[in-house]
Amino acid sequence: MPISKDYIIKAREEIEKIHSENQLLEVRRHAEILQKIPRFINLEIKLAETTSSVVSLIAANSPNVKEKIKAASEENLAVQREMERLLTENGYDKNYLDQIYTCTKCGDTGTVNGEWCECLKKRANKLAADELNKRSPLKPCTFESFNLSLYPEHSKNNDNPREEMNKIFRICVDFADNFKGNEKGLLMIGGTGLGKTHLSLAIAARVIEKEFCVVYNSVPELLRTIDNEQFGRSTGDTLSVISACDLLILDDLGAENTNERTSSLLYEIINGRICRALPLIVSTNLSPAELQNKYNDRILSRLFSMNILGFKGDDNRFKL
Ligand SMILES: [Zn+2]
C-alpha cells in the first residue's frame, strides 16, 4: 500500500531532527569524557596518528610494507583497547563514545540501498494514524481503571458474568502485553455498556506504549471518512493507513448503514487484515444472530474466524 508523500516528508524531517540530536549528544559525551579523563585526549591524538600512518603505508607500497602495516595496526588496536579500558575504569560503557544511531539499519538517513528504510515507513504510518485518531480521540481507558466488581457474580442464566469477564480481561491484557503485530484478531460481542470500548482502548493504549502504530475508529466514522476521500470531498488515504498500521481497532460494527458499497468496503478492510495476518479488533453491540441478519457470508466467515469474546452482564454505564 502506498504511503502519502506528505507523511514521508514529515517523517524524514523527524529523522533528520533525531540525527542532529544524536550528533549533539555525541559532542556532549566527548566533552564530558575529556573533562573527566584529561589524558584521553593524548590517546585520541595517538589514535589519529596511527590511523593516518596505516593509511599512508597502504598508499606507499614501500619494502616490507606488510610488516609495517601489521605493526601500525596492532599499535592502533592497542590504543583503542586502552581507551576502552579508561572508559570502563571510570564507570562508562566501552562504547560510550561510539556514533549514536536511533536506527542502525539506515544510520538515521531514512534510506538503505536507495530504498526507504523500515524506520521511515513506520514513522510515516504513525503520523498518518495519529491524524486519523484525532477524529476519534483515544479516551483515557486503562486496564487499571477496569472495574470487575461492576459485573454480577450471579445472573438469571445461572452463570457468573464476573468470572467470564475476568477471563476476557486476562485475554485482553495478554493480547496487549505480548503484542508483536501478528496476533489473531479479537471479536468483542455484547450489549452496550459492558466494557468492550474500555478494553479495546486499554489494549490500544498499551500497544501504543510499545511504540506500535494503532488506528482506532468507529465503523460508521471510518466508512464516512473513506467515502469522503473516495468521492473527493476530503483529502487523505485512510484505506492505506488502516491497511499499514500494526493494530486496527474497529468499534461499533453494526451501527453503520448497510448497503452493497459499505459491505464490500468492510469486507476489503477485514479480509485484507486477516489475509496478511495483521491484527484486528472488532467490537459490536449486535448478537451473533443479528450479525447473521446484517452481513453476508463472506464477512461473517471472516468475523467468526477471529477469537470471539462474549461480554456478559448488565449495562455498567448506569452503575458508574
Ligand atoms: Zn532506518
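The values are calculated or read from the model by the stated rules, or taken from the named source; none is laboratory data. Just so it is clear, the structure is predicted and the values come from calculations on it, not from any experiment. Every residue, glycine as well, gets a Cβ built from its backbone with ideal geometry; the counts of neighbours run over all protein chains shown.
Count of the stretch 1-25 residues, restricted to those that are part of a helix (DSSP H, G or I) and surrounded by 14 or more Cβ atoms within 10 Å (Cβ to Cβ), is 11. When PRO152, PRO140, PRO63 are checked against the criterion of being in contact (Cβ under 8 Å) with a residue 40 or more places away in the chain, surrounded by fewer than 11 Cβ atoms within 10 Å (Cβ to Cβ) and away from the ligand (no atom under 16 Å from the Cβ), a single residue qualifies: PRO140. Any residue in the stretch 211-220 that is over 23 Å from GLY310 (Cα atoms) and either assigned to a helix (DSSP H, G or I) or in contact with a His (Cβ under 9 Å, 6 or more places away or on another chain) (or both)? No, every residue in the stretch 211-220 fails to be over 23 Å from GLY310 (Cα atoms) and either assigned to a helix (DSSP H, G or I) or in contact with a His (Cβ under 9 Å, 6 or more places away or on another chain) (or both). Screening GLU82 with (1) surrounded by 18 or more Cβ atoms within 10 Å (Cβ to Cβ); (2) away from the ligand (no atom under 16 Å from the Cβ) gives one miss only, at (1).
Conditions tested, residue by residue: (1) outside the structural domain of LEU148 (by TED's automatic domain parsing); (2) free of Cβ contacts under 8 Å to residues at least 12 places away in the same chain; (3) touching a Cys at 6+ places or on another chain (Cβ under 9 Å).
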residue	(1), (2), (3)
GLY190	no, no, no
GLY193	no, no, no
LEU201	no, no, yes
VAL214	no, no, yes
VAL219	no, no, no
LEU223	no, no, no
ASN228	no, yes, no
THR235	no, yes, no
LEU239	no, no, no
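When the stretch 93-132 is filtered for residues that are touching a strand residue (DSSP E or B) at 6+ places or on another chain (Cβ under 8 Å) and modelled with pLDDT under 85, the ones remaining, listed by number, are ALA129, LEU132. The set of residues in the stretch 242-251 that are touching a residue at least 40 places away in the same chain (Cβ under 8 Å) and touching a strand residue (DSSP E or B) at 6+ places or on another chain (Cβ under 6 Å) comprises ILE242, CYS245, LEU247, ILE249, ASP251.
Going by the structure shown, is THR88 polar (S, T, N, Q) and either within 16 Å of the ligand (Cβ to nearest atom) or assigned by TED's automatic domain parsing to the domain that holds THR51 (or both)? Can you show your working first?
Numbers: polar (S, T, N, Q): yes; either within 16 Å of the ligand (Cβ to nearest atom) or assigned by TED's automatic domain parsing to the domain that holds THR51 (or both): yes.
Yes.
Give me the residue from the stretch 118-137 that is hydrophobic (A, V, I, L, M, F, W, C) and within 8 Å of the ligand (Cβ to nearest atom) and, out of that set, farthest from GLU16 (Cα to Cα).
CYS119
Checked across the stretch 103-117, the condition of being surrounded by 14 or more Cβ atoms within 10 Å (Cβ to Cβ), touching a residue at least 24 places away in the same chain (Cβ under 8 Å) and more than 16 Å from the ligand (Cβ to nearest atom) holds for no residue.
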